[in-house]
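Inspection log for the structure reproduced underneath, given as structure tokens.
Read-outs: derived from the displayed coordinates by stated rules, not from any lab. Just so it is clear, the structure is predicted and the values come from calculations on it, not from any experiment. Here Cβ is always computed from backbone atoms with ideal geometry, including for glycine, and neighbour counts include all displayed protein chains.
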Amino acid sequence: MKAQGAGMGGSTIRPDMPIEGEAGMDPGATPPDPPSVTTDDRLMPTSAPTPSAPSAPRAASGSREPYAVVGRSRNEGHGKRLTAAFEALEVFPALAESRNRLLALISEERPSTGEVVRAIESDVALVISVLRLANGMDSPRRGQVESIVGSVEVLSPEAVQRLAANAETFEFFERGKTWDAAPERFRLHAVAVQRAADRLAAASGYPHRDRLLVTALLHDVGKLVLMHAYPGYPRQVHGPARTPEERLHYERRELGVDHALVGGVLARRWNLPKAVASAIERHHAEDAQGDSAFVRLADMLAHYSQGSPVSSTELLKAARAVGFGPSELRAVLYDLPYPSKDRPRSVEPCPLSTRELEVLKRLAQGMVYKQIALELSLSTSTVRTHLHNIYGKLGAVDRAQAVLHATERGWL
């Protein structure tokens with residue numbers, strides 16, 4: 001990408017600025033002043049070294065000018081810094097509340113698989129640890145477990161319990177010695193992107209929804225590496241950049257790498273599946289497809305919803321990559337602040353047969369036995385038998401409880 005002054009070209013939008021059809025905003029319009037704080041860093045003044053001289057001498061030690069720390073150390077043990085940062089992530093902490101909720105669920109007599117999966121998916125460190133453990137198991141699925149749903153199938157409850165009990169943790173607002181304020185700030189944006197990606201996947205019927213929740217949560221894991229490797233990151237690298245594309249440009253210019261590439265390398269070091277590593281590595285690519293395309297759009301939506309500038313042109317391009325046009329994108333932007341009305345994910349295997357599901361779906365629509373029998377070409381007694389079996393398998397006492405139980409688990 002080619003730098004144009006302090007920005008990277010194209011217009012930006014904020015929550016109070018609508019998308020204007022296919023072409024976005026007027027390219028000649030003056031972009032709004034950026035907010036003082038973005039999701040993941042504090043913006044610097046708009047003065048910066050000229051793009052044509054990235055190797056110019058940096059400010060003296062102690063200077064607060066952009067790039068003062070990172071620029072000076074770029075050629076001073078660059079590889080060693082990244083390797084040390086990779087190793088530091090071995091002890092990246094989990095949010096104590098997430099860990100405690102997971103332990104409480106696991107200790108129940110009959111833990112709900114869906115609740116356990118959701119508890120793990122709520123935390124970056126737990127997702128990393130569980131995925132790594134599942135993909136390191138000596139089994140036919142070694143290196144091929146792409147989701148937490150798959151991980152829970154591979155691992156025993158005891159293994160998950162031991163992992164959680166031994167996890168390093170941090171509390172809300174806590175500033176740790178190694179990671180300072182990074183864990184909480186990182187978690188907030190990661191979860192926001194995960195939720196946006198899940199809503200996009202549900203709306204589009206994306207078949208790899210379970211895997212997408214993992215790649216969306218871990219998409220910026222490379223930033224944690226760069227934070228540890230370079231004390232001035234992100235503030236002194238991103239400089240005047242406002243949008244995600246601009247920040248990526250400054251990372252490449254100042255460091256020679258970007259957080260997406262570093263994140264992909266880290267995922268491969270952890271022996272995570274190729275699909276997960278590739279999605280992390282390519283979540284800013286203009287030709288992104290599959291998970292990476294959904295994560296790219298979800299990342300922009302998360303920045304937008306949290307008040308950060310986003311390029312309207314890039315947002316529309318990213319939306320088209322997952323099959324959303326301007327009208328669908330407007331609907332997503334409108335609904336984003338509100339609770340999701342999408343169908344829940346089906347995490348636990350459904351115990352009902354195909355025919356039993358067909359009967360239950362019609363029961364949920366308010367049909368009576370005779371109507372169900374007529375539509376499915378069954379006898380009334382056969383419908384009654386199916387319903388008796390449905391109630392028994394779901395532990396329900398009546399039709400209302402059976403429908404509610406199945407709906408909450410994503411089977412209807």
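For the reader, a short list of remarks on this structure follows.
- Ranking Ala285, Ser311, Ala229 by Cα position along the charge dipole of segment 172-342, where only Lys, Arg, Asp and Glu carry charges on their C-beta atoms, puts Ala229 farthest toward the positive end.
- Burial ranking of peptide ranges 289-298, 331-340, 138-147 (average Cβ count within 10 Å, highest at the top): 289-298, 138-147, 331-340
- Dmax and Rg, reported as Rg then Dmax, of segment 94-167 (C-alpha, Å): 11.2, 34
- Proximal charge balance of Ala104 [Cβ under 12 Å; K/R count +1, D/E count -1]: -1
- Across Lys223/Lys317; Lys274/Lys361; Lys223/Lys274; Lys80/Lys274, pairs whose alpha-carbon gap is larger than 28 Å: Lys274/Lys361
- Cβ-derived FRET efficiency at R0 35 Å, Ser204 paired with Glu90, nearest 0.05: 0.45
- Dipole in debye (nearest 20) - segment 113-156, about Cα centre, beta carbon charges: Lys, Arg +1; Asp, Glu -1: 140 debye
- Calculated over segment 101-232: convex hull of Cα atoms, volume per residue (Å³): 126 Å³
- Across segment 354-408, Cα-Cα pairs more than 18 Å apart make up 21 percent of the total.
- Packing, as the average of other Cβ atoms within 10 Å across residues, places the peptides 155-163, 313-321 in the order 313-321, 155-163, highest first.
- Peptides 303-310, 233-240, 394-401 ranked from most to least packed give 233-240, 303-310, 394-401, packing being the mean of other C-beta atoms within 10 angstrom over each peptide's residues.
- Taking Cβ atoms as reference points and 12 Å as the exclusive limit, the residues near Tyr369 contribute a net charge of +3, counting Lys and Arg as +1 and Asp and Glu as -1.
- Taking 0.36 nm per residue of separation and subtracting the Cα-Cα distance, full extension of the segment from Arg252 to Leu357 would add 32.6 nm.
- Label-point separation in nm, Ala104 to Arg162, each point 7 Å along Cα→Cβ: 2.6 nm
- Between Leu374 and Ala331, the FRET efficiency estimated from the beta carbon spacing at R0 = 35 angstrom works out to 0.40.
- 10 °C / 1.306 mPa s Stokes-Einstein diffusion coefficient of segment 172-342, Kirkwood radius on C-alpha pairs, µm²/s: 97 µm²/s
- Two-site FRET efficiency, Gln144 against Thr83, from Cβ-Cβ distance with R₀ of 22 Å, rounded to 0.05: 0.25
- Amide H to amide H distances under 5 Å link Glu168 with Ala94, where only residues 5 or more positions off or on other chains count and H is placed in the peptide plane.
- Proximal charge balance of Pro157 [Cβ under 13 Å; K/R count +1, D/E count -1]: -3
- Rounded to the nearest 20, the size of the Cβ-charge dipole of segment 354-408 about its Cα centre is 120 debye, with Lys and Arg at +1 and Asp and Glu at -1.
- Working note: Debye formula, equal point scatterers on the alpha-carbon atoms of segment 300-412, no solvent; log10 I(q)/I(0) at q = 0.11, 0.12, 0.17 Å⁻¹ is -0.56, -0.61, -0.80.
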